[in-house]
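As structure tokens, the structure follows; a few thoughts come after it.
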Amino acid sequence: MTTENIPEEARYTVAWTPNSALVRWPCVVCGGETDRQDILAVAYAGSQSRENEIGMVCDPCVDAGAAAVAARLTQWAERLESQAAEVRRWAAASWQFLTEESWQFLTEEQKLDLPRWDWEGRDPLRRPSSASRNS
């Protein structure tokens, strides 16, 4: 559901609903997450139906009650705005990626500080043999 579909005077409902997937769900009120539990609080925009479902609400937000929702949403929005500003600074920065040839200039001490294995379990500081390059 998008925010364009929610009228300004919409009422939001939070109702307990059985849960068959024991995973942690993101909380739509605070940005935290639910516990792995059999029954979850689900937020709806308007009537309680699948097409009006917004998402899950964590137990601390349910316990805080309806009066605290605006404050929790505002705090989450402020955290997101701060994170977005940081990502924009990263995007505006100049990025440089080291070439393979630049590895040869690292001292042994600098090499020890580097992560030792890539995602495929290979040693990034060990040059591949000519046989493995050709395969």
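Bear in mind these aren't lab numbers, they're just calculated from the coordinates by the rules spelled out. From a predicted model like this one, the values you see are computed outputs, not experimental measurements. Don't worry about glycine lacking a Cβ; one is built from the backbone with ideal geometry, like all the others, and counts go over all protein chains shown.
Anything in the stretch 6-65 that is in a loop (DSSP other than H, G, I, E, B), of a type in the set (A, V, I, L, M, F, W, C) and more than 21 Å from Ala77 (Cβ to Cβ)? List them, or say none. Ala21, Leu22, Val23 - these are the residues of the stretch 6-65 that are in a loop (DSSP other than H, G, I, E, B), of a type in the set (A, V, I, L, M, F, W, C) and more than 21 Å from Ala77 (Cβ to Cβ). Candidates Arg72, Arg50, Arg36, Arg11: the one that is basic (Lys, Arg) and touching a Leu at 6+ places or on another chain (Cβ under 7 Å) is Arg36.
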